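In what follows, a single structure is set out as structure tokens and then discussed.
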């Protein structure tokens, strides 16, 4: 619950910072769905993007991979995005590089009968490296669809394939 409150506070800060800015298209925020390989499950993603220059963007993301086999995952991404190809005003392609904080929780049900593990839980976290690519597809002047593929490199590496719908403030 603390993590969700922190995330909501960060989004509110970004929106309020934008309200004081004169430029209207530097900040984007949105949500979408992802599929995490090796975890083999769907997740919900929230993403915020700030454009520093026409080529460079900073991105903050939070992904919650839905619970499967008693394990749930939360991932916080801090990425840089480099726009390497622009096809008119409608489509652009970008490379992703950054850090991922992976947090996991395993809940042990009472019926496993493992003594000390019965009914308990275990948590942990790992830091990994994000590498990937994505596409910005303009649906309107303030709304875009952003599909992307990212590989998170750590001891249990995996890929996330998904898309977010983002609104430019």
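Brief remarks on what is shown
- Binned Cα-Cα distances of the range 50-169, short to long, each 10 Å bin given as a whole percent: 12, 37, 25, 15, 7, 3, 0
- Among 63, 123, the order by Cβ neighbours within 10 angstrom, fewest to most, reads 123, 63.
- Ranking of 79, 126, 38 by count of other Cβ atoms within 10 Å, fewest first: 38, 126, 79
All of the numbers you see were taken from the coordinates with simple rules; none came from a lab. What you see is a predicted model; the values in this text were computed from it and never measured. Methodologically, a virtual Cβ is constructed for each residue, glycine included, from the backbone with ideal geometry; neighbour enumeration extends over all protein chains shown.
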